[in-house]
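Notes for the one structure printed next.
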Amino acid sequence: EAQVLEILVLRHGSNEKHLGAASCKFKTEPMSAVEGFDFESAEGSVEFGKGETRQHIKLSLPPKSWRAREVDFLVVLEDAEGGPCFDPGDDGGGDQAILTVFLGTHGPRPTGFEAIVDCCFGVDILSKGLQEWKGQFRSCLYCGGSPEEHAEATRCDWAVYIVSLPWNASFALVPPTVFAGGWSCFFGSLVGIAFLTACVSDLAELFGCVLSVPDIITAITFVAMGTSMPDLFASINSAKEDPTADASIVNVTGSNSVNVFLGLGVPWTLAALYWQLNGRTEEWEGRYPGVAASMSGAGFIVQAGELAFAVISFCIICVLALVLLHLRRRWLGAELGGPFVTKAATSGCFIFLWGGWVAVVSGQVLRWGQPGADAAEVVAAYSVSFVLAVLASAIPAFLMRQEFTRNLLFTSEKGGDGEGGTVVDDNASEGSRREFVKGDAAPSATSFGKKTSFDFVGVQNGSPG
């Protein structure tokens, strides 16, 4: 039958009679225990009144006829308010307090096929995974993923739903994260992304062939945009949810590193080994007559074409972009966000740099790189492109410098001696600021810890644990 687990939370302090009101949040996190089968997920807050030092957290344990192995889950306290902090010497450090709850074995041990399944996968894990897998397919039937969202869907929602339905249905085949510690979901997602990338690449090549667009232009436009959409949405989510810009910016460099070192390195290495082991053929000699005349064996040949020009021009654009990010860090204190004008100017500059790079590479492929091209025209085109790129980067840099100067003037007028600064609120209107003066910082968590702290004591009425 169902049981209730009571966890006692104590608040310690040097003078407990004069403790003020305080609170903290709690949540449960699964470890080897399966949520919904071994314990019910819970989250909420623990409220302490003035002078109170004891509170309880009640957790529900669903009925379970047997448990063949010991399992555990976590109860986490965090976000303390009202003065207290957590004991830095306990699990979780000064930011959290973590309690591990163990649920012991009970009931008759399974036999036969049930015992084999429990030994290999875990009966509860398999049941939960199948439920989630079924839910993935069921969510594909509703616009918005649920009956409630389906009933309130707008025409725009329906348009997005119809376009994304084939992809949602295809990726519903990916196993849930419950199986194999999430590894089955990880590799299943990789397979799905590889299949989707192959489809986008082939469709882009066919589109370019119909319009008589060279392969390199197709690659830097349609293929690049199609295969970079997942990275774009991942960076957007990281920028919105994470407190820093590290994940969203590093995602760009990490993704390109994977493309270069794995996407190119692995197939090129395998192809080089193939031709080294199998030797030259008549087809290979006919395709690369110049190379065949200059070497004795065979090899994997990649004709560069305009790749060198594309890479060099791309590096120049990257340098300008990195300089802008450095100036944002130096003058605005953040790579992303900030006042609306500088934020919009930086975004527009980056889009312009990308569009200009595509235009320059396309011009090199279609006109300036062709035999007999006018040298004066080529030099003029390159010079104008470089000047426009520098000017486009100078506009947001100038606006950032102006914002930095205004912040200094505002601080010097209010602070007198110049000690202090301002914090720009990204969600407020342009120019709104919160002043801070040196010496006004809030007390640290360590100073709070000397007065009062939260701590777990144990589990009461917890016969299962």
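The values are calculated or read from the model by the stated rules, or taken from the named source; none is laboratory data. What you are looking at is a predicted structure, and each value in this text was computed from that prediction instead of being measured. Reconstructed Cβ throughout: ideal geometry from the backbone, glycine too, with neighbour counts over all protein chains shown. For the accessible areas, the whole protein counts, side chains as well, though only heavy atoms, and no ligand, DNA or RNA atoms are used. Shrake-Rupley method; radii C 1.70, N 1.55, O 1.52, S 1.80 Å.
Annotations for the structure displayed:
- Estimated [θ] at 222 nm from DSSP helical runs (n ≥ 4, -39500 (n - 2.57)) normalised by residues in the chain, nearest 500: -16000 deg cm²/dmol
- Whether segment 285-373 is rounded, prolate or oblate, judged on the alpha carbon gyration tensor where a/c under 1.5 counts as rounded: prolate
- With θ taken as phi - 60° and the Karplus curve 6.51 cos²θ - 1.76 cosθ + 1.60 applied, the whole-hertz 3J(HN,Hα) list for segment 332-344 is 10, x, 6, 6, 10, x, x, x, 4, 4, 5, 5, 5 Hz, x standing for glycine and proline.
- Tensor-based shape of segment 1-156 (alpha-carbon gyration tensor, a/c under 1.5 rounded, otherwise prolate or oblate): oblate
- Global geometry of the chain, whether rounded, prolate or oblate, following the gyration tensor of its Cα atoms and the 1.5 cut on a/c: oblate
- Remark on L5: its backbone amide H falls under 5 Å from those of L59, S60, L61, a criterion applied only to residues 5 or more positions apart or on other chains, H modelled at 1.01 Å from N.
- For segment 155-225 versus segment 290-316, the spacing of their alpha-carbon centroids is 29 Å.
- Label positions at D202 and S65, each projected 7 Å from the Cα along the C-beta direction, are separated by 4.9 nm.
- What the chain shows is 62 Å² of accessible area per residue, with the surface traced by a 1.4 Å probe over protein heavy atoms.
- Heavy-atom accessible area order for D124, D242, largest first, 1.4 Å probe: D242, D124
- A Förster radius of 35 Å, combined with the Cβ-Cβ distance separating F404 from V358, puts the computed FRET efficiency at roughly 0.65.
- At full extension, L141 and K25 could sit 38.2 nm farther apart than now, given 0.36 nm per residue minus the alpha carbon distance.
- Relative contact order of segment 3-149, pairs being alpha-carbon contacts under 8 Å that are 6 or more residues apart, as %: 22
- Here the simple spin-label model places points 7 Å from the Cα toward Cβ, and for V258 and E43 these points are separated by 2.6 nm.
- Sites A153 and K58 - FRET efficiency at Förster radius 41 Å, r taken between beta-carbons, to 0.05: 0.60
- Distance between segment 334-348 and segment 42-65 - C-alpha centres, whole angstrom: 44
- Rounded to 0.05, the FRET efficiency of the H106 and A180 pair, given R0 = 25 Å and the Cβ-Cβ distance, is 0.40.
- Label-to-label distance for A271 and D72 is 5.1 nm, based on points extended 7 Å past Cα in the beta-carbon direction.
- Just so you know, the Rg over Rh for segment 72-169 is 1.20, from Cα atoms, with Rh as the Kirkwood radius.
- Residue-by-residue Karplus 3J(HN,Hα) for segment 346-356, coefficients 6.51, -1.76, 1.60, Hz, glycine and proline x: 5, 4, x, 5, 4, 5, 5, 4, 5, x, x
- Sorted largest first, extent of segment 208-285 alpha carbons per principal axis (Å): 59, 35, 12
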